[in-house]
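Notes follow once the structure below has been shown.
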Amino acid sequence: MPWEKGEVMSALKWLCQSTAVVISVALVAGCSNPTSPGVQPEITNVTDNFQYQVTKIQNYTHEATHIWQNTGARANVNQATAVTGGSATLVLLDSEGAVVYSRSLAENGTFISAVGVPGSWTIRVTYSAASATVNFRVQKAT
C-alpha cells in the first residue's frame, strides 16, 4: 500500500514527537535525584560558629563545601545526626588545606579537631545514597 507524501510526513512528525517525549521521560527518570531539588539545608555561618541542619533527605548523593572563618587552631564539633541509609561524612580542612577532622556523621557526640592553621577553613559534607536527618555544629575550640 503506497503512502501519500502527506501521510508519510505526518507519520514522521508523530514518530519524532513520540521519540522526543520518550527520551525526555527517560532522561528525567534516569538522572533525577528525587530529593535534590528539595534539599535546602539551614546554615548559620559566622566567624567561629558554623551550624548545619537538613531534615529527611532520602537516597541523596552530593558533596557540598562551605568556607568558614576560624580564629582558633582547633574546632569543637558536635554531631547529632540520624543516618538510616547510605553514608554521610563531615571533613574539616584548615586554611592550608590540611585535613584536621574527618568522621562519619552517623557517629554522634562532641569531638575536637586536630590542630590546624587559623583562617578560612573548609567544611565538606559528603552524602552517598544517604537517607538521613543531619545536624552538626562546628565552633572555635576555646
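What the table shows:
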item: Shape metrics for the range 36-140, restricted to C-alpha atoms - Rg then Dmax, Å; result: 12.9, 37
item: Karplus 3J(HN,Hα) series, Hz, for the range 116-123 with 6.51 cos²θ - 1.76 cosθ + 1.60 (x for Gly, Pro); result: x, 8, x, x, 7, 8, 9, 10
item: Inter-part distance where the range 84-114 and the range 51-74 are each reduced to a Cα centre, Å; result: 10 Å
item: Long-range HN-HN contacts of Gly72 with modeled amide H, under 5 Å; result: Gly119
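Each value in this text was obtained by applying a stated rule to the coordinates, not by laboratory testing. Note that the structure is a prediction, hence the values are computed from the model and not measured.
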